[in-house]
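Here the structure is laid out as structure tokens; the discussion comes afterwards.
The values are calculated or read from the model by the stated rules, or taken from the named source; none is laboratory data. Here the structure is a predicted model, which is why all the values come from computation and not from measurement. Reconstructed Cβ throughout: ideal geometry from the backbone, glycine too, with neighbour counts over all protein chains shown. Keep in mind that these areas ignore ligands, DNA and RNA; they rest on the heavy atoms of the full protein, side chains included. Shrake-Rupley method; radii C 1.70, N 1.55, O 1.52, S 1.80 Å.
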Amino acid sequence: MSDASDEAHPIGLKIRNGSKIYPGTQALKDVDFDLRMGAVNVLVGENGAGKSTLMKVIAGVEQLNGGTIELDGVEVTFADKSDAAKHGVGIVFQELNLFPNLTVAENIFVGHEKTRGGIHIDRRAQRAAAAALMKRLEQDIDPNAPLGNLRIGQQQIVEIAKALAENARILILDEPTSALSATEVEVLFRVINDLKKQGVGIVYISHRLEELIRIGDYITVLRDGAITGSRSMQGVDIPWIVANMIGSASKDFPKTVGHDMGGEVFRVENICLPSPAGGYAVDHMSLSVREGEIVGLYGLMGAGRSELLECIMAQHPNSSGQLFISGKPLKERSVAGRIRRGLALIPEDRKRDGLVQIMTIRENLTLSSLADFTRGFHLSLKAEATKAAEFVKRMAIKIASLEHPVSSLSGGNQQKVVIGKALMTRPKILLMDEPSRGIDIGAKAEIFRTMRKLAADGLGILFVTSDLEEVLALSDRILVMANGRLTGQFPAGASAADVVSAATPNLNKVELS
Amino acid sequence: MSSTDAAGNVKTVIGGHRSRTSALLLLLHMRTFVALILVFTFFAIAAPNFLTMGNMLIISKHVALNALLAIGMTFVIIAGGIDLSVGSIVGLCAMVAGYLVLYGIDLGFLGLAYSIQFNTIEICMIVLVVGIFIGWINGLLITKLNVAPFIATLGTLYVARGAALLFSEGRTFPNLAGNPEYGSDTFRIIGSGTLLGLPVSVWIMVAVALIAAYLATRTPLGRHIYAVGGNERGAALSGVRVDRIKLFVYMFSGLCAAFVGLIISSQLQASHPATGETFELNAIAAAVLGGTSMSGGRGRIAGTIVGAFVIGILADGLIMMGVSSFWQTVIKGLVIIAAVVVDQVQQKLQARVVLQQNAN
């Protein structure tokens, strides 16, 4: 079997014993990876499993600490991304790196413009080359059109054209379909098939398992930085992928503490948020949380989970729907008012939304509850510091001094500060958006234990995650969202495959169109 | 383990220089104050008559004006904005004050044959309200209509200056002696009176500075101003009412400018519509010199006051030494640039020290 595949799809790039160490974590452990040309090499794994790291290593963005990369049998090292591009490796990031104010042709050649004499940009040559690329990709996109006027799917094609313009023989696509409509996905798949026929080796990363099975020729599964399964796609099904992604030995998740749940503490009804792309980003969502209950909201990127939490936290003035806390309607339209009524949000992006980086640890901890230390106008710094110190102890935050800037802390400790800030407002419901993102395993386990303890104390927790293992292990009840809608509801102990298929309901639609 | 290795390395590198690092850090932290002592000593030696009581009073009167504007500016900049309109608000408020002293409000437009006259207190109140009102307009443009602070206050810079010119059709209101009959003859006290040997204008500056420093450090309002400038989205999600905070800082800045307008028209006993031109730049300079970060979230009122003194002493001292005004301008620019460069150095050093302490 291996002989046959070697002939049809020769190995273009080979990694042997690849390892990559970041401060505190090992992102890749002795990875052996074969990238086959003229085929789609699918890479799958949970968040933090090492997919992005592996992909960045191939694209020259990151360098291995140990191990080798061979390109066409010759050992190479990529100094940076442009070095890798010279060797024919192109990458399309999930976040498109394009300029909406420039034309399609200008975008394709940005950074390596076609020039006369090194100064004058040869627009005509660029336009011609861009038109040729569009023809190769069988796209009807005008090279002179401003990029901002294109649909997101077309922009992605432009990004691919950009890589091809640098003669990419290896093309890495990171979650290329997360922002695409079903028809746009079809177009992308056709383009991928054409590229395959032209001998391009494609690395394809996605969370959408059905999509992987459909488009992939070879599959590699990563877990905790190690490869747990690697084979030809023939005969692969979702249970096989899930088993390799999650493994049998579960991580250190705290066991559910037996405790009684109280009555319903929080309910949302018919939350709708119109999407700028048309339709709804959040489509008539209703759910409820009981006292002491941890509800896990699972969904893929772009399913509308974060948007739902933002609607609940009054971030979208044009959203609609009703909220109830302990049965009483929540009419407050301001964040401050909602915090007062007992809501608290742990945002997904700690740096951007959760903390004021240049303020001290104390100031960040107390930012939402300053009123507690204020009489009239006067803020008692002493009472504030006492309370902050109490929460540092309670949350076991590792700090040298309360007066250091919060930016000096590690990710896990920063997250604890964010949680501490939320808890200081004495909430009844805690909304957590990806609470374990970007923190190391030890801190993760601690955060999970904290969540369990808070629930045992009667707090209702609604947490959003795209980590399958996390949602299965932590939730008392699992809700699944896709395309802004609630697509599944499972009790604790549900099977991974059920949850995953509820999260990807549009597979059939893709095949129909 | 690699992490202990890294920590160990850091320790060995910095450990030997630790006391020197922290001394340097302290010096950098106090840099505006150090600069103040330096310029003061320099002129005390180099400029004759610099150290006389009379000269000190003159300098303090000059500094009070810039410091008042700079206090308001500091709040605005800490909150992540900028207020270019303060100079024009000074001009407009001076004209309003002059008009009220001279004419009161003529009720002719209501068909009534008399005018309302005001005493000094009433005139002050009206002028301060005018300043606050323009600040409120700035705040509304920035919060409700999403105009960038630079543009919004650039607009009001022109509008307020134009309004000041329209008030007198470009002329000066002379002889603002006031009228004992209306109780406005005390108007001159604001600019030229003294209390316990210090000019009233200096007392106003001190009072505003103390209130501002209290607001900044000991009230939730002050904390929220820093939070909005440090991370607006993060502050909003923490329940800070961002729009209200922004409205406040621009209104406060307008209030400070109105004080300056009052003081100047009273000092000169006349109102000229060009009063306050380019004052906004001096105010920004004092704030920056005092350690206020233009990217928001960082700054102290005390620093700003010291910054205003450095600029004021530099300007007056150079005049006394007979340095050409062209050179004065160059030197002022160099001092501002040096202040920001030193600020960057301090930031880097501070971050390194904190990292090291965490590693221990």
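Assorted remarks:
- Antiparallel %, DSSP beta bridges [both residues in segment A:68-205], to 5: 40
- Residue-level accessible surface for A:THR228, protein heavy atoms, 1.4 Å, Å²: 50
- Histogram of C-alpha separations across segment B:30-359, 20 Å bin width, %: 30, 56, 13, 1
- Global form of segment A:434-480, assessed from the alpha-carbon gyration tensor, a/c cut-off 1.5: oblate
- In terms of its alpha-carbon gyration tensor, segment B:140-254 comes out oblate; a/c meets the 1.5 threshold, while b/c is at least as large as a/b.
- Taking all protein chains as shown and a probe of 1.4 angstrom, B:LEU145 keeps an accessible surface of around 120 Å².
- Restricting the GluC sites (Glu not before Pro) of segment A:83-156 to loop positions (DSSP other than H, G, I, E, B) with no more than 13 neighbouring Cβ atoms within 10 Å leaves A:GLU95, A:GLU138.
- Net +/- balance of residues flanking A:ASN41 in space, Cβ distance below 11 Å, scoring K and R +1, D and E -1: 0
- Degrees, to the nearest 10: B:31-46 long Cα axis against longest axis of chain B: 70
- Three-way shape label, segment A:2-246, alpha-carbon gyration tensor, a/c 1.5: prolate
- Estimated FRET transfer efficiency (A:GLU75, A:LEU402; beta-carbon r; R0 41 Å; 0.05): 0.20
- Computed magnitude of the charge dipole of segment A:393-434 (debye, nearest 20; Cβ of K, R +1, Cβ of D, E -1): 280
- Largest to smallest in accessible area, the residues B:TYR99, B:TYR158 fall in the order B:TYR158, B:TYR99 (1.4 Å probe, all protein chains included).
- Cα centre as origin, Lys/Arg/Asp/Glu Cβ charges: chain B dipole, Debye: 1340
- Taking all protein chains together, A:ASP349, B:ASP106, B:ASP83 sort by accessible area into B:ASP106, A:ASP349, B:ASP83, largest first [probe 1.4 Å].
- Using a probe of 1.4 Å on the protein chains alone, the accessible area found for A:GLU70 is around 50 Å².
- Estimated dipole of the protein assembly as shown in Debye, rounded to 20 [Cβ of Lys and Arg +1, of Asp and Glu -1, Cα centre]: 1920
- Label-to-label distance, A:ALA371 versus B:ALA23, with points set 7 angstrom from Cα along the beta-carbon direction: 5.0 nm.
- Compactness ratio for segment B:228-291: Cα radius of gyration over 2.2 N^0.38 Å (N = residue count) comes to 1.52.
- Residues listed by number, segment B:315-338, amide nitrogen under 15 Å from B:ASN49 label point at 7 Å toward C-beta: B:316-323
- Beta bridge orientation in segment A:2-246: antiparallel %, DSSP, nearest 5: 60
- Residues B:MET125, A:MET424, B:MET53 ordered from highest to lowest accessible area at a 1.4 Å probe: B:MET53, B:MET125, A:MET424.
- Simple spin-label estimate for A:GLN234 and B:SER324 in nanometres, 7 Å along Cα-Cβ: 8.9
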